[in-house]
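The values are calculated or read from the model by the stated rules, or taken from the named source; none is laboratory data. In this text, all values refer to a predicted model and were calculated from it rather than measured experimentally. Here the Cβ is made from the backbone with ideal geometry for all residues, glycine too, and neighbour counts use every protein chain on show. Note: areas computed on protein heavy atoms with side chains; ligands, DNA, RNA excluded. Shrake-Rupley method; radii C 1.70, N 1.55, O 1.52, S 1.80 Å.
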Amino acid sequence: PLASNIHFELLSSTIGNNNRYFVRMLLNERPVQIPGCPTDNPLCPWQRFYNVAQMRIGDCDMNANCDLE
């Protein structure tokens, strides 16, 4: 619809000394499935999201653009 919005959230979970990161996509403030990520949960593990985005974006240097290094 007109004036829709898409929002990405980066979430973290700490279990013991292990930090895990997840991405959640919201469409009009409601969680939606990220294509290429597990279908049983709206949270997509960061590495999976990174790999899916890298495949779809192609030549974009995610490390440089997202300041990951």
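Quick one, which of (1) 1.17; (2) 1.03; (3) 1.22 is the actual Cα Rg over 2.2 N^0.38 Å calculated for this model?
Given (1) 1.17; (2) 1.03; (3) 1.22, the calculated one carries the label (3).
Add -39500 (n - 2.57) for each DSSP H run of 4 or more in the chain, then divide by its residues: what number comes out at 222 nm, to the nearest 500 deg cm²/dmol?
-6000 deg cm²/dmol
For a quick check, take a GNM of the chain with Cα springs below 10 Å and name the residue from N17, N41, N51 with the largest mean-square fluctuation.
N17
Just how large is the dipole of the chain about the Cα centre, in debye to the nearest 20, putting +1 at every Lys and Arg Cβ and -1 at every Asp and Glu Cβ?
Around 280 debye, computed over the chain.
Could you do me a favour and compute the accessible area per residue for the chain, 1.4 Å probe, result in Å²?
Dividing the accessible area of the chain by its residue count gives 78 Å².
Per the 1.4 Å probe, what fraction of the accessible area of region 4-55, in percent, lies on carbon and sulfur atoms?
The nonpolar share, carbon plus sulfur, comes to 54 percent.
Going 7 Å from the Cα of Q47 along its beta-carbon direction, which residues of region 1-34 have the amide nitrogen within less than 18 Å of the resulting point?
Label zone hits: 11-24.
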